[in-house]
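Peer 1: Input: one structure, supplied below.
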Amino acid sequence: MVKHIPNMLSLLRMILSFLLIPFIPVRVGFIVVYITIGITDVLDGFIARKFGYESDFGAKLDSIADFVFYLIFLYILLKIYSPILESTHQAALIVIIAIRLINMLLTKLKYKKVVFIHTLANKLSGFIVYLIPMVFLFVQDGIVLWIILVTVFFAAIEELIITIKYKEPDLNRRSIFFNEWFR
């Protein structure tokens with residue numbers, strides 16, 4: 001039972017992601033659910049690595065939970081923060097989504113399965129994206145959004161390069177540039 005805790009946390013993250021939508025108008029509830037999502041995201045991987053419960057299924061489930069969260073997050077971002085999203089921000093967001101979708105398609109064709117690689121850049125961009133609602137509570141600025149978009153863009157490009165370059169998927173490849181340093 002204990003070895004399933006990381007997978008249960010990933011499933012909980014998916015459920016909580018859907019719960020964000022009805023909590024949009026309830027600021028305190030939204031923040032509590034949002035922070036809980038972040039905690040489950042950190043804990044599932046930490047527990048899996050710390051106690052040797054890592055598995056391909058768990059890595060895939062974690063990636064699916066991330067994907068569900070980001071889809072819902074995108075909806076919330078467009079719903080709440082559309083006033084600060086300029087057309088150039090929207091164009092950059094479309095490019096990033098296109099790169100992510102191309103990578104999903106490419107991994108499906110190349111590896112016969114959809115693969116999301118847990119690079120350091122992906123983790124950093126995920127953390128930065130995660131902070132958006134908290135940051136935007138205090139600062140609603142287009143420059144902050146550009147920093148986020150550029151970070152996410154480079155993470156998406158790195159993942160695409162890794163997919164193109166390597167014959168076999170390595171879900172835990174840290175970076176295309178520094179992989180040996182961060183193993």
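The numbers here are math on the coordinates, done by the rules we state, and not lab data. Note that the structure is predicted; figures quoted are calculated from it, not measured. Backbone-built Cβ (ideal geometry, glycine too); neighbour counts: all protein chains shown.
Peer 1: Once the dipole of region 1-83 is set up with Lys and Arg at +1 and Asp and Glu at -1 on Cβ about the Cα centre, which of Ala48, Tyr81, Val2 lies farthest towards its positive end?
Peer 2: About the Cα centre, the residue reaching furthest to the positive side is Tyr81.
Peer 1: Mean Kyte-Doolittle of at least 0.5 and a Cα length of 27 Å or more along the axis: which whole DSSP H helices of the chain meet both?
Peer 2: Details: long enough: 27-50 (34 Å, 1.11); 56-80 (35 Å, 1.36); 87-111 (35 Å, 1.08); 142-165 (34 Å, 2.13).
Span-like helices here: 27-50, 56-80, 87-111, 142-165.
Peer 1: Same structure again: Given the pairs Lys79/Lys112; Lys3/Lys113; Lys79/Lys110, which span a C-alpha to C-alpha distance of over 32 angstrom in this model? All intermediate terms of the calculation are to be shown ahead of the outcome.
Peer 2: Details: Lys79/Lys112 35 Å; Lys3/Lys113 25 Å; Lys79/Lys110 35 Å.
Checking Cα-Cα distances, Lys79/Lys112; Lys79/Lys110 exceed 32 Å.
Peer 1: Most exposed first by the Cβ proxy, i.e. fewest other Cβ within 10 Å, how do Thr151, Thr107, Thr119, Thr88 rank? Numbers along the way, then the final one.
Peer 2: Values: Thr151 17, Thr107 20, Thr119 24, Thr88 12.
The fewest-first ordering by Cβ neighbours comes to Thr88, Thr151, Thr107, Thr119.
Peer 1: Report the calculated FRET efficiency for Phe18 and Val95 (r = Cβ-Cβ distance, R0 = 35 Å), to the nearest 0.05.
Peer 2: Given R0 = 35 Å and the Cβ-Cβ separation, E is 0.85.
Peer 1: Can you tell which of Leu109, Leu149, Leu61 shows the greatest fluctuation in a Gaussian network model of the chain with Cα springs below 10 Å?
Peer 2: Leu109
Peer 1: Moving to a separate point now. Please state the charge dipole magnitude for the chain, taken about the Cα centre, from unit charges on C-beta atoms (+1 on K and R, -1 on D and E), reported in debye and rounded to the nearest 20.
Peer 2: Working: 18 positive and 13 negative charges, 91 e Å.
Computed charge dipole of the chain: roughly 440 debye.
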